Amino acid sequence: MNELIAIAPNTGEHPFAPVVRILGKGKNGSRSLSFDEAKAAMTMILRGEVEDVQLGAFLMLLRVKEESPQEIAGFVAAVRESMQVPSSMTKVVLDWPSYAGKRAQHPWFVLAALLLQQQDISVLMHGSAGHTANRLYTEQVVRDLDLCCAESWGELQPALTGQGFAYLPLEHFCAPLQRIIELRNTLGLRSPVHTLTRLINPLMADYSMQSVFHPAYASIHQSAAEILAASNTAVFKGESGEIERKPDANTTLRLHRHGVNSELQWPRLQSDRQANVDKPSSDALRALWRGESSDDYGLKAVVGTAAIALLLCQRANNVDDAYRLAEQLWAARPTHRL
């Protein structure tokens, strides 16, 4: 029996109505959902047991209130239980959610992820495309660079084993969440799904990178990771909301390691503010990787992002060592790969 039915005995109202009431009962009467309530609510949504009008009200009430760590963690727990992940899937080292898309700079972070294979760090990148206009999404970048964009768990397996990198669209491992993300243009606002997708970690990697666009959400991510008993996570404000170090800004890195939270300050790598590109492009990535072009900002973004991943994955003991190792990996990169 659904846990939410116990909140409101059989009164003839829809079983999801108590959820909307909890969130929307006014300034003095409303409250956040508990972990169990949030998990039960998301389970109903994923099963298609919620009316569209209820879903819209639920998403926007959460948006106005702002999600609590307990709510996000409960949503994630429900999503994880709903996924059909084969038990034979290859273990991946680093989970890399990519849901924002790029509009101001080229998607340099993809190159950072490719560098990590030299340290035997396999990467599963997952995301969603097309929910916000005038952005270049990672799915298109991956296809442009002839990297693996899997359409099933079966396609994912050989790519992770052979290349150490693959991208999996959200629609192929949790289609109901993809539908909710696509409501962005209907509702006019982002929804909690944009937050929870970054914490799903579908293959339960030991390490997970997360990025936020609004700094206030970093603490929510960190606290939700703690509730979910995540082993090792890193959260920071990335360029356009993607997991990409901004060379022209100081970065606060929030770490959660084996139950302990900490913060590291990463100073900016250049003093001048970087101008926006006319149009983000995959071609810029290929040219930089092959050494056919030079882009100082791009190189700093690649190395800086890789350094954060190396520190998180315990390939370096401190910030300086992480940067040095990232620079070495860049110098030794297999330029023929792209």
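Values in this text are rule-based calculations from the coordinates and carry no lab data. Owing to the predicted nature of the structure, the values given are computational and were not obtained by experimental measurement. Neighbour counts are summed over all protein chains in view; Cβ atoms, including those assigned to glycine, are modelled from backbone coordinates with ideal geometry.
List of remarks:
- Distance from region 19-59 to region 165-227 (C-alpha centre basis), Å: 18 Å
- Where labels lie 7 Å past Cα in the beta-carbon direction, separation of His172 and Ala229 in nm: 3.1 nm
- Overall, region 210-338 carries a charge dipole of about 220 debye about its Cα centre when +1 sits on the Cβ of Lys and Arg and -1 on the Cβ of Asp and Glu, all other atoms neutral.
- Each residue of region 110-125 was assigned a 3J(HN,Hα) from its phi angle through the Karplus expression (A = 6.51, B = -1.76, C = 1.60, θ = phi - 60°), giving 4, 5, 4, 5, 5, 5, 5, 5, 5, 10, 6, 9, 6, 10, 9, 9 Hz with x at Gly and Pro.
- Three-way shape call for region 8-127 based on the alpha-carbon gyration tensor, with the a/c threshold at 1.5: prolate
- Using 0.36 nm per residue and subtracting the Cα-Cα separation, the extra length available between Ser30 and Arg47 on full extension is 3.6 nm.
- With K and R counted +1 and D and E -1, the other residues having a Cβ less than 15 Å from that of Ser32 yield a net charge of +2.
- In a DSSP loop and with at most 15 other Cβ atoms within 10 Å, the GluC sites (Glu not before Pro) in region 248-338 are Glu292.
- Dipole magnitude (debye, nearest 20) for the chain, charges at Cβ of Lys, Arg, Asp, Glu: 540 debye
- Annotation: extensible slack from Met89 through Gln157 equals 23.9 nm (criterion: 0.36 nm per residue apart, minus Cα-Cα distance).
- Fewest-first ordering of Met60, Met42, Met125 by other beta carbons within 10 Å of each residue's beta carbon gives Met60, Met125, Met42.
- Backbone N under 18 Å from the Arg179 label point (7 Å along Cα→Cβ), restricted to region 130-160: 131
- Look at the Cα gyration tensor of region 3-65: its axes a ≥ b ≥ c give a/c under 1.5, and that counts as rounded.
- Available extension along the chain between Asp206 and Ala104 is 33.6 nm, counting 0.36 nm per residue and deducting the alpha carbon span.
- Helix axis angle, 69-82 relative to the chain longest principal axis, alpha carbon, degrees: 90 degrees
- In Hz, Karplus ³J(HN,Hα) per residue of region 314-331 (6.51, -1.76, 1.60; θ = phi - 60°; x = Gly, Pro): 6, 8, 9, 8, 8, 4, 4, 5, 5, 5, 4, 5, 4, 5, 5, 5, 5, 5
- With only the Cα atoms considered, the chain has a convex hull volume of 136 Å³ per residue.
- Sorted peptide list for 163-172, 138-147, criterion being average Cβ within 10 angstrom, highest first: 163-172, 138-147
- Helix 217-227 and the longest principal axis of the C-alpha atoms of the chain enclose an angle of approximately 70°.
- Structural descriptor for the chain: relative contact order 18 percent, calculated from alpha carbon pairs under 8 angstrom and at least 6 residues apart.
- Between helix 296-312 and the chain: long-axis angle, C-alpha atoms, 0 to 90°, nearest 10: 60 degrees
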